[in-house]
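Structure first, commentary second.
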Amino acid sequence: MALSEQYLEADDLHPIDLVEHIAEHHAWEFDRIHDDQIAMVVAGQWRSYSITLAWSAFDETLRLICTYEMEPPPHRIPALYEALNTINDRCWAGSFTWWEEQKLMVYRYGLVLAGDQVAGPEQVDTMISAAVNACEQYYPAIQLVTWAERTPADAVQVAIGGAYGRA
């Protein structure tokens, strides 16, 4: 069943209720932290990602934060920031940042729903999938920069290089 089939009449569905239904649909582990916030864990190929979505009625924005823990060597932090700048130049939706105090790599995205707009289930599902896909795509580059001491340009090239042709 398509995600949207069960929501055809639900124009007044709270965005976090919608996220909860999507998490149940995918059988993701989640915790409804508050009426306006939900946290879940989504498994990727490289690791599991902690995803929090929060609704802000003040600015009518559904905020997504996707994180994973990492502790880069202190001498590699400048290269990590350079890599994140290069990566963010390639991200059309969302952006990466490093939260040093919490030791978290963070992907953030905000979906503005001003004027009583309603997010659809496919839209929210795509938002979550895009966050995980971005983290998965750039995870190797971030690891290469922090642990293999590769240059940011070289590491990002590895992340965006795709296989072409046939074997």
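The values are calculated or read from the model by the stated rules, or taken from the named source; none is laboratory data. The structure displayed is predicted, hence computed values, not measured ones. Note that we place each Cβ from the backbone using ideal geometry, even for glycine, and neighbour counts take in every protein chain shown. All accessible areas refer to the heavy atoms of the entire protein, side chains included, with ligands and DNA or RNA removed. Shrake-Rupley method; radii C 1.70, N 1.55, O 1.52, S 1.80 Å.
Which residue, of Leu104, Leu113, is closer than 30 Å to His14 by Cα and more than 18 Å from the chain's Cα centre (by Cα)?
One residue alone meets the criteria, Leu113.
Since Trp99 meets every condition but one in (1) loosely packed, with under 12 Cβ neighbours inside 10 Å; (2) of a type in the set (A, V, I, L, M, F, W, C); (3) more than 19 Å from Pro72 (Cβ to Cβ), which condition does it not meet?
Going through the list (1) loosely packed, with under 12 Cβ neighbours inside 10 Å; (2) of a type in the set (A, V, I, L, M, F, W, C); (3) more than 19 Å from Pro72 (Cβ to Cβ), Trp99 breaks only (3).
Restricting the first residue to segment 135-149 and requiring it to be free of Cβ contacts under 8 Å to residues at least 60 places away in the same chain, which pairs with a second residue that is of a type outside the set (Val, Ile, Thr) meet a Cβ separation below 6 Å and a spacing of at least six or different chains?
Final answer for the pair search is Gln137/Ala159; Tyr138/Ala159; Ala141/Ala155; Ala141/Ala159; Leu144/Arg150; Leu144/Ala155.
For residues in segment 29-56 being hydrophobic (A, V, I, L, M, F, W, C) and in contact with a helix residue (DSSP H, G or I) (Cβ under 6 Å, 6 or more places away or on another chain), which is surrounded by the fewest Cβ atoms within 10 Å (Cβ to Cβ)?
Step by step, filter segment 29-56, then rank; the result is Trp46.
Select, from Met127, Met105, the only residue that is in a strand (DSSP E or B) and either among the aliphatic types (A, V, I, L, M) or open to solvent by 20 Å² or more (accessible area, probe 1.4 Å) (or both).
After applying the criteria, what remains is Met105.
Return the residue satisfying two criteria in turn: it lies in segment 149-167 and is in a loop (DSSP other than H, G, I, E, B) and open to solvent by less than 60 Å² (accessible area, probe 1.4 Å), and of such residues it is modelled with the lowest pLDDT.
Among those residues, the one meeting the criterion is Gly162.
Which members of segment 63-89 meet the condition of being under 21 Å from Arg47 (Cβ atoms), touching a residue at least 60 places away in the same chain (Cβ under 8 Å) and open to solvent by 20 Å² or more (accessible area, probe 1.4 Å)?
The answer is Pro73, Arg76.
For segment 30-45, what are the residues that are over 19 Å from Ala131 (Cα atoms) and either of a type in the set (A, V, I, L, M) or touching a strand residue (DSSP E or B) at 6+ places or on another chain (Cβ under 6 Å) (or both)?
Within segment 30-45, Arg32, Ile33, Asp36 qualify.
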